[in-house]
Structures are given as C-alpha cells and as structure tokens.
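Undergrad: Pasting a structure below so you can have a look.
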Amino acid sequence: NERITALAADISEVSRAEEGRIPLELRLTRIDDLVESAVTSCAKACAEAGIQLVTRGNCPVEVDVDPARIGQVLDNLLRNAVDAVKDRRDARIEIAVETGSHAYVSVRDNGPGVADLEKLFEPFWTTKAPGEGTGLGLAISSGIVADFGGRLTAHNPEGGGAAFDLELPLHQPRLDSRRTAAE
C-alpha cells in the first residue's frame with residue numbers, strides 16, 4: 001500500500017511536469033546552501049549505517065532555480081548513494097560543489113556502480129530490489145534539472161562506484177530596467 005502511494009505520487013508529478021502544470025519558481029539560490037541542507041538531512045542515516053559522508057568545495061555559487069525542486073534532486077541522489085553503499089564496510093559518499101562556466105555538483109559513492117547507464121534515467125527502470133523503489137526518482141530528477149536549463153548525468157568512475165553530476169547555469173545578473181543612462 002505504501003509503495004502504491006509513492007508510485008502514484010511519482011506518476012502524478014511526472015504527468016504534471018510533462019503537461020507543463022508545475023510552475024517554475026525561479027529564485028536566486030546558493031547551490032552550496034542546498035547541498036548543505038541535503039547533507040544535513042542525510043547525515044543521520046549515514047552515521048547509523050557507518051557511511052563516511054564527505055563534502056568538499058562548498059563555494060558560494062548562485063543559480064536561478066526553485067530551491068525546493070533542486071533540493072529534491074539532491075536528496076534523491078544522496079538517498080540513492082546511501083542505498084548503493086549501505087552494506088559496505090568502507091562505505092563512502094562524497095558530494096562536491098564547483099564552479100566554472102556552470103555550477104557543478106557531484107555525488108560519488110564507492111558502491112558497485114551502475115550496470116546499465118543507458119537506461120538509468122528512463123521511467124520505471126531501477127537497480128533496486130522489488131518493493132524498494134519506483135524507478136522514477138532519477139527520471140523525475142533529470143526532468144527537474146532540465147527545467148532549469150541544466151543536465152544530470154552519471155558514469156562509473158575508474159576505480160569503482162557511481163558518480164552523478166549535476167550541472168546548472170550560473171546566475172546571470174540582469175540590468176535593472178529602471179536605471180537611467182545618467183546613473
């Protein structure tokens with residue numbers, strides 16, 4: 001019953017997003033603040049499972065996004081990483097924020113990696129055991145990131161594990177149209 005409720009909620013969100021009924025609430029947001037919030041919400045589960053959670057490069061990068069929706073993406077990536085490493089004795093998750101031409105957030109784990117990267121963002125495809133996931137989290141996350149002009153990708157790094165890379169356009173300050181040339 002709980003799984004059906006979660007699945008229905010996920011399908012509803014995908015449907016509303018595809019119909020354009022989820023309004024984009026763009027706000028100037030520091031991506032490092034969203035990462036810090038996601039790490040804080042994940043810290044207890046990591047500590048209980050003996051997972052080393054490492055953050056690095058939390059620079060003050062500003063993006064124009066809906067903070068709740070990008071926060072949802074970060075939470076999903078961290079939950080997936082926890083699931084991937086929870087049975088390892090040397091479990092480790094690293095989340096990093098960097099800047100360049102875009103804002104970059106990477107979530108890397110030392111789990112088994114992803115067997116089928118080509119299907120990873122397809123709805124209803126999952127690496128989890130039956131009853132443990134809907135297979136919609138990454139599909140929804142990818143769509144959310146795309147809504148803000150970004151992209152979400154994944155790869156299996158050399159040396160093992162999985163890496164999810166989130167890329168978002170940097171905030172572009174706009175000139176205030178009320179200013180005059182004399183100012």
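Each value in this text was obtained by applying a stated rule to the coordinates, not by laboratory testing. Quantities reported herein were computed from a predicted structural model and do not represent experimental measurements.
Undergrad: Taking amide hydrogens as modeled 1.01 Å from N in the peptide plane, which residues meet the under 5 Å criterion relative to His171, leaving out close sequence neighbours?
TA: Glu62, Val63, Asp64
Undergrad: For the stretch 37-121, what's the radius of gyration and Dmax over Cα atoms, in angstrom?
TA: In Å, with Rg to one decimal and Dmax whole: 13.5, 39.
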